[in-house]
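This report concerns only the one structure given below.
The values are calculated or read from the model by the stated rules, or taken from the named source; none is laboratory data. Source: prediction; values computed, not measured. Virtual Cβ from ideal backbone geometry, glycine too; neighbours counted across all protein chains shown.
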Amino acid sequence: MTNNSSSARGWNNMDYDILVKIFMALNVMDLISGVSQVCSLWRSACCDPALWKKLDLSNLNSNSSLYIPQEPYAWSDDQSSKNLMKILKTGLNLSQGNVNCLIFHFYVFIENEHLIYAAERSRDLKRLILPAWNQLSVRGFREAFKIWEGLESLTVPCLFSPMEIMQLIGTYCKNFSELKIMCPFDQDFANALIKYLPKLKVLSLRCTMVYKDALIRILDNLKHLEVLNISHCLFVLVQDSVVTSIMVYRQLDRKIIEKGSQLREFLTCQTGSCSTCQRAAADEGILKWYEYEEARWREDEISSLAH
C-alpha cells in the first residue's frame with residue numbers, strides 16, 4: 001500500500017509542461033484509454049488545449065483492444081455504435097470544447113446521435129472529415145450545423161441529398177469555404193453549390209465522376225472559386241438527341257481548360273501512366289470509390305484538404 005501511495009505521489013509531482021509535450025506524441029486512444037487515468041495531474045495535462053486542436057479518430061485500430069474491419073459498413077451494429085459513442089464522449093470531455101478539427105475513422109458507421117453529440121461538445125469546430133459510411137439524415141446535419149456556425153471545411157465521401165445539405169451549410173455556416181466530395185458530381189450538385197454556397201473558394205472532386213455540364217456550370221457561376229481539383233476524374237457528356245447518349249472520357253476539352261485556367265489553382269491529371277486514372281478507366285465509367293484504399297480519402301493535391 002505504501003509503495004502504491006509513493007508511486008501515485010511520484011506521478012503527481014511530474015512537470016506539467018513536460019507531460020503535455022510528451023502527450024502530444026501520443027494518439028487519441030492513448031490519451032483516452034490510458035494516460036488520462038493514471039492520476040489527477042496526468043488527467044489535467046490530458047485536458048490541455050494544445051492536445052485537442054484536432055480529434056483524429058482515423059487511427060483507432062492502433063489500440064490493441066479495438067478492431068475496425070477494413071470493409072464497408074464496419075461498426076454498423078448496435079454494440080459498435082455504443083463503442084463509438086463512448087470514445088466520442090471520453091475524447092470530447094477531455095478536450096473541454098477545444099477541438100477545431102474532427103476526423104472520423106474511414107470505416108466507422110456514424111449515425112445522427114454521434115454527429116449531434118460531437119457538435120454539442122465541439123462548438124468551435126472549423127473542419128469536419130466524415131467517414132465513407134453513415135446513416136446521417138437531413139435532421140442530423142441540421143442539428144449539427146446549427147451549432148457549428150464557424151465550420152469552414154467539410155470532407156464528405158458520400159452525400160445523397162446535396163441540395164438540402166448545401167442549403168443547411170449556407171444557412172448556418174457563414175464562414176464555409178472548402179468542400180471535398182467523393183461521389184458523382186452532376187447538375188443537381190452543381191446547382192446546389194451555386195444557389196447555397198456562392199462564396200465557396202476551394203472544391204475538390206478528385207477521383208469522382210464529373211458531368212461536363214455541371215463542371216462548366218460551376219466554372220461560370222461560382223465567382224469566388226479560387227481552387228478546383230479534378231485530378232483522376234472521369235468526365236461524362238450527356239448528349240440529348242432522338243436517343244439520349246452518354247459518353248465517358250478522361251481528356252479535358254479546351255473549353256474547360258480555358259475556364260479553369262482563370263482560377264488561382266486548377267488541378268488536373270492528364271498523365272496516361274497515372275495508376276489512379278487507369279483504375280478509374282478500368283471501372284468502365286463507374287468510379288467505385290468505396291473500393292479505394294483509405295489513402296484515397298486522406299490524399300488530396302490541395303494541401304488544406306489532405307490529412
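The residue that is nearest to LEU60 (Cα to Cα), counting only those in the range 266-305 that are modelled with pLDDT of 95 or more and among the hydrophobic types (A, V, I, L, M, F, W, C), is LEU305. Strands (runs of 3 or more DSSP E) fully within the range 175-218 that include at least 1 residues being among the small types (Gly, Ala, Ser), at pLDDT 95 or above and over 23 Å from GLN239 (Cβ atoms): 202-204.
Looking only at residues of the range 154-204 that are out of contact with any Pro (no Cβ under 7 Å at 6 or more places or on another chain) and small (Gly, Ala, Ser), we find that the one that is surrounded by the fewest Cβ atoms within 10 Å (Cβ to Cβ) is SER161. Among the residues of the range 118-172, just one is farther than 24 Å from LEU84 by Cα and among the aromatic types (Phe, Trp, Tyr), namely TYR172.
In the range 194-221, the residues that are polar (S, T, N, Q) form Cβ pairs under 7 Å with partners that are part of a helix (DSSP H, G or I) and buried (at least 22 other Cβ atoms within 10 Å of the Cβ), at six or more places apart or across chains, as follows: SER204/LEU305.
Give just the number: which of (1) at pLDDT below 95; (2) surrounded by fewer than 20 Cβ atoms within 10 Å (Cβ to Cβ) does GLY140 not satisfy? Among (1) at pLDDT below 95; (2) surrounded by fewer than 20 Cβ atoms within 10 Å (Cβ to Cβ), GLY140 violates only (1).
Of the strands (runs of 3 or more DSSP E) lying entirely inside the range 83-156, those containing at least 2 residues that are of a type in the set (Ser, Thr, Tyr) and within 19 Å of LYS54 (Cα to Cα) are 153-156. Only a single item in (1) at pLDDT 70 or above; (2) in a helix (DSSP H, G or I); (3) more than 30 Å from VAL108 (Cβ to Cβ); (4) among the hydrophobic types (A, V, I, L, M, F, W, C) is not met by LEU263, and it is number (2).
As a summary of the residue check, SER76 satisfies the conditions (1) outside any helix (DSSP H, G or I); (2) closer than 24 Å to LEU205 by Cα; (3) not charged (D, E, K, R) except for the one numbered (2). When ASP213, ASP186, ASP253 are screened for being within 21 Å of the chain's Cα centre (by Cα) and closer than 26 Å to THR271 by Cβ, only ASP186 passes. Does the range 162-184 include one or more residues that are out of contact with any strand residue (DSSP E or B) (no Cβ under 6 Å at 6 or more places or on another chain), closer than 23 Å to GLU301 by Cβ and among the aromatic types (Phe, Trp, Tyr)? Yes - at least one qualifying residue is present in the range 162-184.
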